[in-house]
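Peer 1: Before we start, here is the structure in question, set down as structure tokens.
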Amino acid sequence: MTMTPHPTSALITGGNKGLGLETARRLGELGWTIFLGSRDPGRGQAAADHLTGRGINVTMIPLDVTSDQSVADAVVRVRQHTDRLDVLVNNAGAAGTIMAPAEATVEEVHSVYDTNVYGPIRVTNAFLPLLRVADNPRVVMVSSAIGSLTIATDPTQPPATFHELAYSSSKAALNMITIRYAQALPEIRFNVLTPGEVANRKYTATDINNHTGQLTVTEGSDPIIELATIGADGPTATFIDRLGPVPW
Ligand SMILES: NC(=O)c1ccc[n+]([C@@H]2O[C@H](COP(=O)([O-])OP(=O)(O)OC[C@H]3O[C@@H](n4cnc5c(N)ncnc54)[C@H](OP(=O)(O)O)[C@@H]3O)[C@@H](O)[C@H]2O)c1
């Protein structure tokens, strides 16, 4: 096998389970160097050991996206292995307690935003120096169809009748954040995806939805892999699912 001098590297937040772990497996099986972020080092190391057993080059990185210190420490740890990062997958996410607007508390909304909104900003900004020196840097934001203003206002779509405040608005914010990064940093590809099939009203069975989804993590991670593997001439500021473009 011919080894390139710099194997493609990817950091995946929330890589210990669900879509993050499946993304780590699939990118790792492409021969990439995987940095598997996990807020719980024990669960993260168990997941990394599982991938190592499959022949994947993986390093577990303790990473709580709600902590500035944890994110700063993660940069130091990744720098011990590489001087560049090709792909960042901002996958970590929290649903929080599902509360209708009238019942929502600012504390609960803040906690969901800390993970889903401030988390990707913290991690992206901290890793920008490593991304900037890569040949074809890509940032993949794992959002949700429920964060689409078009889908949330389409009465034929389930999110239109799902009375919830924190999670849906956090993903809407993440969508705009992705657009703003893409516009400001054209040398980096920033794209966003929902791990489902909007046209078929399907999402992915994971812990975040008590495994009520209809798709497997392999199917749900298809758009993550697609956006993580785009070339330097690939799109930026796009929103997709595994079937194609999704409306903002
Ligand atoms: N499943 C779907 O159909 C669906 C649909 C739309 C969007 N999404 C998005 O997909 C992403 C992955 O979710 P999933 O479906 O794979 O659910 P999951 O299995 O519950 O995974 C969520 C991951 O996020 C991690 N996480 C939560 N808070 C964190 C924090 N503060 N710091 C670091 N990691 C943290 C979790 O770590 P712990 O194990 O430590 O809790 C876990 O690894 C999320 O952003 C979610 O919003 C999923």
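Every number in this text was worked out from the coordinates using simple rules, so none of it is lab data. No experiment lies behind these values; they were computed from the predicted model shown. We place every Cβ from the backbone using ideal geometry, glycine too, and count neighbours over all the protein chains shown.
Peer 1: Zone of Asn136 (label point 7 Å along Cα→Cβ, backbone N under 18 Å): which residues in region 211-227?
Peer 2: Label zone hits: 223-227.
Peer 1: Next up: Treat every Asp and Glu Cβ in the chain as -1 and every Lys and Arg Cβ as +1, leave all other atoms uncharged, and give the resulting dipole magnitude about the Cα centre to the nearest 20 debye. Mind showing how you got there, number by number?
Peer 2: Values: 18 positive and 24 negative charges, 80 e Å.
With only Lys, Arg, Asp and Glu charged at Cβ, the dipole is about 380 debye.
Peer 1: Whole-Å semi-axes of the chain's equivalent ellipsoid, largest first, each the root of 5 times a Cα gyration tensor eigenvalue?
Peer 2: Details: eigenvalues 154, 72, 65 Å².
For the chain, the ellipsoid semi-axes come out as 28, 19, 18 Å.
Peer 1: Would you grab the residues whose amide H sits under 5 Å from the one on Ser9? Only those 5+ places off in sequence or on another chain, please, with H modelled 1.01 Å from N.
Peer 2: HN-HN under 5 Å from Ser9: Thr33, Asp86, Val87.
Peer 1: Which of Val76, Val87, Val58, Val192 comes first, and how do the rest follow, when ranked by fewest Cβ neighbours within 10 Å?
Peer 2: Val76, Val58, Val87, Val192
Peer 1: Where does the chain land at 222 nm, in deg cm²/dmol rounded to the nearest 500, when only DSSP H runs of n ≥ 4 count, each adding -39500 (n - 2.57), divided by all residues? Present the calculation step by step, with values, prior to reporting the outcome.
Peer 2: Working: 9 runs with 91 residues, N = 248.
About -11000 deg cm²/dmol.
Peer 1: Shifting gears a bit: If I take every Cα pair under 8 Å that is 6 or more residues apart in the chain, average their sequence separation and divide by the length, what percent do I get for the relative contact order? Walk me through the intermediate numbers first.
Peer 2: Numbers: 505 pairs, mean separation 43.5, N = 248.
That works out to 18 percent.
Peer 1: Which of the DSSP-defined H helices in the chain satisfy a minimum axial length of 20 Å, computed from C-alpha atoms, and a minimum mean Kyte-Doolittle hydropathy of -1.0?
Peer 2: On the way: long enough: 166-184 (27 Å, 0.14).
Span-like helices in the chain: 166-184.
Peer 1: Per residue, how big is the convex hull around the C-alpha atoms of region 1-126? Give it to me in cubic angstrom, could you? Mind dumping the intermediate values first?
Peer 2: On the way: hull volume 13.0 nm³, N = 126.
Considering the Cα atoms of region 1-126, their hull volume per residue is 103 Å³.
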